[in-house]
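Participant: I'd like to ask you about the structure that follows.
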Amino acid sequence: MTDTVLIIDFGSQVTQLIARRVREQGVYSEIVPFNRAQDALERLQPKAVILSGGPASVTEFGTPRAPDWVFQAGLPVLGICYGEQTMVAQLGGGVEGGHHREFGRAEVEVIADNALFEGVWAKGDTDTVWMSHGDRVTQLPAGFKVVAISKGAPFAAIADEKRRLYAVQFHPEVAHTPRGAALIGNFVRRIAGLPGDWSMAHFRSREIAKTRAQVGRGRVICGLSGGVDSAVAAVLIHEAVGDQLTCIFVDHGLLRQDEAREVVSLFRGHYNIPLIHVDATQRFLKALEGKADPEAKRKTVGALFINVFEEEAAKLGGAEFLAQGTLYPDVIESASFTGGPSVTIKSHHNVGGLPERMNMKLVEPLRELFKDEVRALGRELGLPEHFIWRHPFPGPGLAIRVLGEVNAEDLEVLRKADAIFLEEIRKAGLYDEIWQAFAVLLPVRTVGVMGDARTYDKVCALRAVTSTDGMTADFFEFPHAVLGRSATRIINEVAGINRVVYDVTSKPPGTIEWE
């Protein structure tokens, strides 16, 4: 069994980042809601436990707690923010609520050396961390000592080294705590003693064997969206079961320029995977008529995708299994559907299971992976680099990048503008520095003068962000020349746009994702 760090989730919006930091150390991690931790203990037999942050207060009745076994099993435990507070409260210490708010960057001072800080901070050091709490610890349980303090948290970090129990009031998992990843590395490698030998090669061989065992001699159908996730899932499953897999590419007409052609060429030509290509553009446009709300458009596209997919699957004579490119963030963000504490910020495709009428079982080989891990697996499987590193693209496609109602004319305008923007980014050698870049067609028109004529056309917004995890991000600081060339080309080459703006919105921890 793979050495695992179990992360018990109390509802923090950045719990995913804890798992990412652990996996960066070459150690497998898995997140479970606090109310399912007992089952996870038996299933995973973890070698260490991390308690996440969360929005509740341990001073209030009925708020989440860690199972008692966490502190009785002899495993190393790290509590983060709410995780520190519940550790202290459950072990006999004191927590006070409501009057000690500390949000944003703070300075911590290290007052004692300990294993968690080894090689990172020494006694007397000060450093910046990210705080996000309204309660604070006021009294330590027996056996603990204070190892770091801040202005708003006299117990900013604590340790019971004999029992290998550690806790911090700040968030080491976010990029805003510059040395936080190293602290988590110390916990999983030094304190828990895990070897860091989890890799994509290991994952590939394990998932191939797992898929073969699950599918047996059954037939699998996979819905390709044109994105990296479903493509990697399909190639991995094909490696496991060969031509027992048939891919169905439902072309909804909402993809970026030339993407449909590329998908067909890659799967039929390069991998020789059985592929059915369905051009359903007109059906999707008809279904989207009159819909302006992005969530309504998302649900419309998702529901029709399933309907078209089912129709094509029925023509094959049925299959026992449906393959999906579900990722770990999909599973975690959708936890509230299945009783977890997380706040659901958007809908996800079939994460909780399929409609009964489909009478199929899900095959989801990527549901334990983050986006960058999927890309690493894609490289391991031999997918082309330009395909693997293509910027993320939402399932509903351009339908939610055309703000307001969707029509064929606006889609074509946006598709051309988006292609020019990405082309200029590539020409400037910036594409790989950016996590996600795209154009958005705004539902406003402006008056402009082009040449000797007055125009009344739409506004195109350009967006580009940098990110290491897809959970937090910042706007990309473009050289003005690149933005200038992009805007000039879009206005000159795309009829229907007479103004281009650049969006410099940032994405701090806990906000909704960009589309």
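The values are calculated or read from the model by the stated rules, or taken from the named source; none is laboratory data. Just so we're clear, the structure is a prediction, and the values are computed from it rather than from any experiment. As a convention, Cβ positions derive from the backbone with ideal geometry for all residues, glycine included, and neighbour counts pool all protein chains shown. Ligands, DNA and RNA are stripped out before the accessible areas are found, and what is left, the full protein with its side chains, is counted by its heavy atoms. Shrake-Rupley method; radii C 1.70, N 1.55, O 1.52, S 1.80 Å.
Participant: Below 8 Å, C-alpha to C-alpha, sequence gap of six or more: please give me the relative contact order for region 50-161 in percent.
Facilitator: Values: 214 pairs, mean separation 28.1, N = 112.
RCO, region 50-161: 25 percent.
Participant: Here is a further query. Extending each Cα 7 Å along its Cβ direction at Y502 and D39, get the distance between those two points in nm, one decimal.
Facilitator: 4.9 nm
Participant: Which distance in nm do the two modelled labels at R190 and S205 give, with both placed 7 Å along the Cα-to-Cβ direction?
Facilitator: Roughly 3.2 nm, to one decimal.
Participant: Within region 372-400, whose backbone N sits under 20 Å from a point 7 Å along Cα→Cβ of D432?
Facilitator: 372-393
Participant: Ok, one more. Translational diffusion coefficient of region 6-69 at 37 °C, 0.692 mPa s, Stokes-Einstein with Kirkwood Rh over Cα pairs, in µm²/s as a whole number.
Facilitator: Approximately 268 µm²/s, per Stokes-Einstein.
Participant: Debye sum, Cα scatterers, region 1-155, no solvent: what log₁₀ I/I(0) at q = 0.17 1/Å?
Facilitator: -1.09
Participant: Calculated FRET efficiency, W389 and R261, Cβ-Cβ r, R0 22 Å, to nearest 0.05? Intermediate values should be presented prior to the final figure.
Facilitator: On the way: r = 19 Å, r/R0 = 0.86.
Computed FRET efficiency for W389 and R261: 0.70.
Participant: Using only the Cα atoms of region 405-487, construct the convex hull and provide its projected area averaged over every direction, in square nanometres to one decimal.
Facilitator: Working: hull surface 27.3 nm².
Reported value for the Cα convex hull: 6.8 nm².
Participant: Return the carbon/sulfur percentage of the accessible area of region 1-141, one whole number, probe 1.4 Å, all protein chains in place.
Facilitator: With neighbouring chains kept in place, the figure for region 1-141 is 44 percent.
Participant: Cut-off under 15 Å on the C-alpha distance; same-chain residues fewer than 8 positions from K299 excluded. Which aspartates and glutamates are left, in chain and number order?
Facilitator: Partners found: E289, E405, E515.
Participant: I need the calculated FRET efficiency for the pair E477 and E423, taking r as the beta carbon distance and R₀ as 22 Å, to the nearest 0.05.
Facilitator: FRET efficiency, E477 to E423: 0.65.
Participant: Please work out the average accessible area per residue across the chain, using the 1.4 Å probe convention, and give it in Å².
Facilitator: 41 Å²
Participant: Right, here's the next one. Return the Cα extents of region 152-215 along principal axes one, two and three, sorted largest first, each rounded to a whole Å.
Facilitator: Dimensions of region 152-215 along the principal axes of its Cα atoms: 55, 30, 19 Å.
Participant: Using only Cα atoms, find the angle between the long axis of helix 480-493 and the longest principal axis of the chain, and express it within 0 to 90 degrees, rounded to the nearest 10.
Facilitator: 30 degrees
Participant: How many angstrom lie between the C-alpha centres of region 244-282 and region 59-96?
Facilitator: 50 Å
Participant: Which aspartates and glutamates does K123 reach when only Cα atoms under 19 Å apart count, and residues fewer than 8 places away in its own chain are ignored?
Facilitator: Leaving aside aspartates and glutamates fewer than 8 places away in the same chain, those within reach of K123 are E107, E109, D113, D160, E161.
Participant: Give me the percent of Cα-Cα pairs in the chain that sit more than 46 Å apart, rounded to a whole number.
Facilitator: Cα-Cα pairs in the chain separated by more than 46 Å: 19 percent.
Participant: Then there's this: Counting only helical runs of four or more DSSP H residues, what would the 222 nm mean residue ellipticity of the chain come to if each run contributes -39,500 (n - 2.57) and the total is spread over all its residues?
Facilitator: Calculated from helices alone, the mean residue ellipticity at 222 nm is -9000 deg cm²/dmol.
Participant: Any of K297/K361; K286/K361; K427/K458; K416/K458; K210/K371 with alpha carbons more than 19 Å apart? Name them for me. Display every interim value, and only then the final one.
Facilitator: Numbers: K297/K361 27 Å; K286/K361 31 Å; K427/K458 26 Å; K416/K458 14 Å; K210/K371 21 Å.
Going by Cα-Cα distance, K297/K361; K286/K361; K427/K458; K210/K371 fall outside the 19 Å limit.
Participant: Under a point spin-label approximation (7 Å from Cα along Cα-to-Cβ), what is the A73-K286 distance to one decimal in nm?
Facilitator: Using points 7 Å along Cα→Cβ, the separation is 5.4 nm.
Participant: Ok, one more. Mind checking the full-extension length gain between E161 and V449? Use 0.36 nm per residue of separation minus the Cα-Cα distance, one decimal, nm.
Facilitator: Working: separation 288, 0.36 × 288 = 103.68 nm, distance 7.09 nm.
Full extension from E161 to V449 adds 96.6 nm.
Participant: Can you give the % of DSSP beta bridges in the chain that are antiparallel, to the nearest 5?
Facilitator: 45 percent
Participant: Could you calculate the contour length gain from E405 to K123, that is, 0.36 nm times the residue separation minus the distance between their Cα atoms, to one decimal place in nm?
Facilitator: 95.6 nm
Participant: Quick one: Cα centre-to-centre distance for region 140-159 and region 287-307, in angstrom?
Facilitator: 51 Å
Participant: Taking the radius of gyration and the Kirkwood hydrodynamic radius from Cα positions alone, what is the Rg/Rh ratio for region 124-269, to two decimal places?
Facilitator: On the way: Rg = 24.5 Å, Rh = 20.2 Å.
Across region 124-269, the Cα-based Rg/Rh ratio is 1.22.
Participant: Could you give the Stokes-Einstein D for region 46-98 in µm² per second, using the C-alpha Kirkwood radius, 20 °C, 1.002 mPa s?
Facilitator: 188 µm²/s
Participant: Any chance you could list the semi-axes, whole Å, largest first, of the equivalent ellipsoid that the Cα gyration tensor gives for region 190-308, using √(5λ)?
Facilitator: So the three semi-axes of region 190-308 are 32, 20, 14 Å.
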